[in-house]
Structures are given as structure tokens and as C-alpha cells.
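Below is one structure, written out as C-alpha cells, with a few remarks after it.
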Amino acid sequence: MSNGENIKTLYLPETMANWPWKRAINPHYEAVLVETYAWFEGFKAFTPKFLEAWKKSDIPHLQTSCDLLCLFFILDESTDFQSASVVRQMGDVVIDALNNPQKPRPEGELVLGEIARQFWERGMRTATPTAQKHMVESFVAYLESVVQQAADRDNSSIRTVDSYLSNRRDNIGARPCFAILELDLNLVDDVFYHPVIVELSGYCVDLITLDNDIASYSKEQAIGDDRHNLLTIAMHQFDIELDDAMKWAVSYHTQVQTKFLDGLKRLPSWDPEMDRQIQQYFHGVAHWPRGNYCWNFESSRYFGSKGREIQKHRMIPLYPKGVSLIQDTQQGLAHFLWEKS
């Protein structure tokens, strides 16, 4: 980190240079995204300013993926500054909608319930029974972890690295995204929850978390929401400065990559068909850290319109505390969300 005349800058390390899975875009992305835009705009609960900001987020992949990340976008932005009790209320609405996608939502309920219901009513049409089960299980775990994050925020708590990663493996939202990869697979629980399968998918979740927290740190520390960020946690636990926390995160990232690549050699074998499905599943899982890394720069979420430029020169401003534009945007998103359906 260096001092400028008015603002500090932060160097973003290249963490994915040696990751074997390269950037790829689904060829049907543009066409599918049009449908998701139309679905999302149909709720009429969001202002044109909000919809324009959402469109610029560059949500990827096929229909259910686009719809899922749309739902994540709303949940993440609207829960980032709410109390645990409010987040619990929102989470309960979403859980009920996912468990009852055919049931009409109560009149006067916040629009989030109908968005979640329609997401899963649409998505489950092309999902195997095992994929449906794993999607709902992983999404419920995600929502529970978001409530815990809000409780930590209410109490101004800072976790340890191990405690944070334990929470974040659900909280980052990667596992529901991985469930998309098995929509056409039949990964029974004995296979899906095998210790090696869980271990390997967890490594990819950790890579996503590390790159997310590195990219989001400047924004989050500016709005005072960085207690739930691995750089802040490392600084606090190890009594180090930001530069050293960044070095620690990069070193940990490298270790996790190695563990994943080595772990692939330990994948169990079941029968030829199940082995084929597992290979297909991990082909997708291994692409997620790369996709998330690219999205950090190619969307406008953390770096506005400067993402591609920042990806090249690797320097970002360390935003001053209390950047009102970011706070105003987040509060506006929550206001739109709480409008009645």
C-alpha cells in the first residue's frame, strides 16, 4: 500500500495465474440474459436506476444461473447493513418460498418472497430430484449464515480465520451455484456428501472467498462493513498491517490451489456412470474460482467501469471511510426490496 497525495492505493496480487481452468463464456449467455432481465423487470418493484445498476452487474451463464445470481444480488445488497432480526425475517420468507414454489405468496409480503418462489419454480423444472434437494439444502445453509453474519455485525464481532472460513463456506453462496452444475446429474447423497467430495468442493469455495475478499476490501472498509472480510480478520488475529495481510491471503490461496489439485487424484471411484458424473461436476466446480475472479473485474460491483483497467495495472484506490455514494446505493436497494408486491 502506498500513500498518494490525497488517497492511498492498494495492489491486487495476481492470484489465479497458475490455475489450470481458464476464462470461458457460455455461448448462449447473451440470449439467456435477455430473458432474465425481462423476468426481473417484471416485478415492477424496482426503480429504473436500480435496474440499470443491476444490468451492469453482468450476471453470467444459463437461465437458472442467471436467475440465481439475480436473487443473490438482491439478497447480498439488501442484507449487508440490516440487523439480524430483519435478516432473519427475510431469510424465513425465502426459505418458505423455496420449499413451496407452487404456493402463492401471501398478499402484502415483501416482493423478495415472490422473486425467490419464481426463481425456484422456474429452476426446478429442469433439475433432477437430487439436484433439487441439494439446491434447497445449500440455499438454506447460505441464508442461515447470512443471519449469523448480521448478528456478528450487530455485536461488532470479528471472527478468527478458522471460524470465519467455516461460516463463509456457506455465506459466500458458492454451494447453491455448484448445485446448478448438477441440474442434469444424479449425485446421490452417499456420493455428494462423501468426505473427499466435500473437501474438494470446499477448497474451491475458499478460493472464491479469498479472491472476493481481496477485491471487495476497499469498498467494504470504506462503508465500515469489513469485519466480515478475511484481510481484516487476518490483520486482527495476527496483529499485522494490510500489506502483510494481503501477502498472507495470497500464500493461503496458493496452498488451497495445491490442495485441490492434489486432492483430485484422490477422487473415489464408484461405477463408470457415477464416475462420469463426478468428473462433469468437478469440471464445473473448478471453473467457478476462475469465473468469480474474472467477474470481480468485469462487473461493476467493486471497481465501477475501471475493472478491466485495474485488472491490468493491479492498483486500486483505498476508498476513504464513509463513502456516501456506496452507502446511498445500498440503502436504495433495500428500499426497493421492501416495497410490497
Of all residues in the stretch 268-310, how many are of a type outside the set (Phe, Trp, Tyr) and under 29 Å from Ile214 (Cβ atoms)? 22
Can you tell me which of (1) free of Cβ contacts under 8 Å to residues at least 40 places away in the same chain; (2) surrounded by fewer than 21 Cβ atoms within 10 Å (Cβ to Cβ) is the one Asp170 doesn't meet? (2)
Within the stretch 119-133, restricting to residues that are crowded, with 18+ Cβ neighbours inside 10 Å and under 14 Å from Asn99 (Cβ atoms), the one that is modelled with the lowest pLDDT is Gly123
Of the candidates Arg266, Arg314, Arg308, the one satisfying the condition of being touching a Phe, Trp or Tyr at 6+ places or on another chain (Cβ under 8 Å), touching a residue at least 24 places away in the same chain (Cβ under 8 Å) and surrounded by fewer than 19 Cβ atoms within 10 Å (Cβ to Cβ) is Arg314
Pairs needed: first member in the stretch 227-238, β-branched (Val, Ile, Thr); second member anywhere, part of a loop (DSSP other than H, G, I, E, B) and surrounded by fewer than 23 Cβ atoms within 10 Å (Cβ to Cβ); C-beta distance under 8 Å; at least 6 residues apart or different chains. Thr232/Ile158; Thr232/Asp226; Ile233/Ile158; Ile233/Arg159; Ile233/Thr160; Ile233/Arg227
Regarding the stretch 89-106, can at least one residue be identified that is buried (at least 17 other Cβ atoms within 10 Å of the Cβ) and among the polar types (S, T, N, Q)? no
Condition (residue is within 15 Å of Gln148 (Cβ to Cβ) and at pLDDT below 80) applied to the stretch 54-66: is it met by at least one residue? no
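Residues are listed down the side, and each one gets a yes or a no for (1) on the phi > 0 side of the Ramachandran plot; (2) of a type in the set (S, T, N, Q); (3) in contact with an Asp or Glu (Cβ under 8 Å, 6 or more places away or on another chain); (4) in a helix (DSSP H, G or I):
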position	(1), (2), (3), (4)
Met90	no, no, no, yes
Ile95	no, no, no, yes
Leu98	no, no, no, yes
Pro101	no, no, yes, no
Pro106	no, no, no, no
Ile115	no, no, no, yes
Trp120	no, no, no, yes
Ala131	no, no, yes, yes
Met135	no, no, no, yes
Check whether at least one residue in the stretch 152-172 is farther than 29 Å from Arg88 by Cβ and of a type outside the set (Asp, Glu), and report yes or no. no
Set Ala222, Ala234: member being hydrophobic (A, V, I, L, M, F, W, C) and out of contact with any Gly (no Cβ under 8 Å at 6 or more places or on another chain): Ala234
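The values are calculated or read from the model by the stated rules, or taken from the named source; none is laboratory data. All of these numbers come straight from a predicted model, not from anything done at the bench. Every residue, glycine among them, receives a Cβ derived from its backbone with ideal geometry; neighbour counts consider all protein chains shown.
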